[in-house]
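The values are calculated or read from the model by the stated rules, or taken from the named source; none is laboratory data. Keep in mind that what you see is a predicted model, and the values were worked out from it rather than measured. When we count neighbours, we look across all protein chains shown, and the Cβ atoms used for this are built from the backbone with ideal geometry, even at glycine.
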Amino acid sequence: MNREELSERGKRILNLIVNHHIKTGEPIGSNALVKSYELPWSSATVRTTMADLMNEGYLSQPHVSAGRIPSEKGFRFYIDSLLYPQMLSEKKRGVIRRRYERIEGTLDEVMHETSKMLSDISRCAGLVMLPRARLMNIKSTELIKLGGKKVLFIIVFEGGLTEKTLIRMNREAPDDMLKMLSRYLNELAIGLTLDQLRVIVLDRLKSEKRLYHELVLNFLRFSREIYEQKIQTDIYIKGQTSILENSKWTPPERLRKLLKAFEEKSVLVDILDKAMKGEGTRVFVGSEIGIMEGYSLVTAPYGGGRKLGTLGVLGPIRMDYSKIIPLVDYTARVLSEIIAGGE
């Protein structure tokens with residue numbers, strides 16, 4: 001019994017069991033299923049179909065005397081073939097836009113509010129990766145002399161994201177030369193990505209005087225560091241308490257793994273990074289991408305065609321996908337508009 005071979009009765013029964021489990025968190029047996037949903041089949045017929053679904057891995061039985069609950073495979077089939085996500089209500093769309101409108105700050109604050117908003121609405125954990133700087137358009141650059149042989153190099157990206165580094169020169173840079181080079185770099189950089197600027201700088205400044213050459217080498221070092229950075233901490237997570245409150249049926253060992261993932265963050269960053277490579281809103285169920293058994297992650301890239309980063313909702317595998325999928329999708333689209341508007 002694979003996806004193509006599931007009978008209409010099998011699909012309907014699986015759909016009911018998944019929805020029952022999402023609402024209650026409890027297993028259900030054939031008798032209760034027939035009575036609760038007024039099915040046109042006998043309990044014996046439903047019991048046989050449930051046994052077939054269990055044999056094929058779509059259902060599991062938490063205890064010998066208990067009814068059935070969906071397995072990871074059952075949830076996967078439900079999401080791919082049976083689920084019809086709801087439209088996000090006008091009220092919730094208004095709430096999201098108003099919360100963004102109240103933010104008067106940096107991109108960092110926008111990301112913080114995004115993770116909190118996803119958590120508040122979903123009652124799960126909201127996750128947002130800061131955009132990768134090397135993929136963002138540059139708004140401005142500046143070289144600031146700090147005294148002696150020290151120069152501060154600042155790059156401001158769209159949305160207000162800022163990267164800076166201290167350059168230690170072999171000899172002191174004359175003020176007028178530094179100002180001239182600062183203006184030159186700024187004129188070159190506006191509207192480009194860091195990768196594009198690197199190529200232009202290499203081409204246009206490679207034959208300049210030694211002092212310029214030294215500054216360029218430092219710029220290239222700095223841009224390479226940004227390119228190669230793993231962004232181990234640039235992820236916002238809000239709602240850890242909410243997800244724990246929704247995990248009362250979760251075995252202690254799974255909770256320990258979840259708490260460890262929240263603490264270390266690197267696992268979640270890697271997963272969100274992988275999710276960014278796909279198209280549109282995606283759902284990862286349990287252990288299929290290394291989340292952990294019993295949990296799911298709904299993700300969407302933001303930034304339009306450039307895919308600057310990823311946001312998502314992490315929660316119990318029995319989360320209400322019909323509501324959370326449109327929430328994640330809409331939030332990603334609004335965040336993309338905000339970043340584009342800040343260019």
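Here is how the numbers come out for the structure above:
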| quantity | calculated |
| --- | --- |
| Boolean, residue 306 is in contact with a Leu (Cβ under 9 Å, 6 or more places away or on another chain) and among the basic types (Lys, Arg) | yes |
| Conditions (1) touching a strand residue (DSSP E or B) at 6+ places or on another chain (Cβ under 7 Å); (2) under 19 Å from residue 235 (Cβ atoms); (3) at pLDDT below 80; number of the one not met by residue 168 | (2) |
| Entirely in the stretch 125-168, the strands (runs of 3 or more DSSP E) that have 1 or more residues that are among the basic types (Lys, Arg) and under 30 Å from residue 262 (Cβ atoms) | 162-168 |
| Every residue from the stretch 118-129 that is surrounded by 21 or more Cβ atoms within 10 Å (Cβ to Cβ) and not β-branched (Val, Ile, Thr) | 118, 119, 122, 124, 125, 126, 127, 129 |
| Residue list for the stretch 73-105, filter: within 23 Å of residue 116 (Cβ to Cβ), hydrophobic (A, V, I, L, M, F, W, C) and more than 20 Å from the chain's Cα centre (by Cα) | 95, 103 |
| Hits in the stretch 270-306 - residues which are buried (at least 19 other Cβ atoms within 10 Å of the Cβ) and among the basic types (Lys, Arg) | 282 |
| Failed criterion for residue 132 (all others in (1) surrounded by 21 or more Cβ atoms within 10 Å (Cβ to Cβ); (2) within 23 Å of residue 334 (Cβ to Cβ); (3) out of contact with any Gly (no Cβ under 7 Å at 6 or more places or on another chain) hold) | (3) |
| Residues (of a type in the set (Ser, Thr, Tyr), in contact with a helix residue (DSSP H, G or I) (Cβ under 9 Å, 6 or more places away or on another chain) and over 26 Å from residue 323 (Cα atoms)) located in the stretch 14-71 | 30, 42, 43, 45, 48, 49 |
| Some residue of the stretch 27-39 being touching a Lys or Arg at 6+ places or on another chain (Cβ under 8 Å), under 20 Å from residue 72 (Cβ atoms), in contact (Cβ under 8 Å) with a residue 12 or more places away in the chain and not in a helix (DSSP H, G or I) | yes |
| Qualifying residues in the stretch 262-283 (those that are in a loop (DSSP other than H, G, I, E, B) and not hydrophobic (A, V, I, L, M, F, W, C)) - the one modelled with the lowest pLDDT | 265 |
| From the options 242, 247, residue that is under 27 Å from residue 58 (Cα atoms), modelled with pLDDT under 85 and hydroxyl-bearing (Ser, Thr, Tyr) | 247 |
| For residue 74: the one exception among (1) among the small types (Gly, Ala, Ser); (2) touching a His at 6+ places or on another chain (Cβ under 8 Å); (3) at pLDDT 95 or above | (2) |
| Residues of the stretch 65-108 classified as exposed (fewer than 15 other Cβ atoms within 10 Å of the Cβ), assigned to a helix (DSSP H, G or I) and free of Cβ contacts under 8 Å to residues at least 24 places away in the same chain, total | 5 |
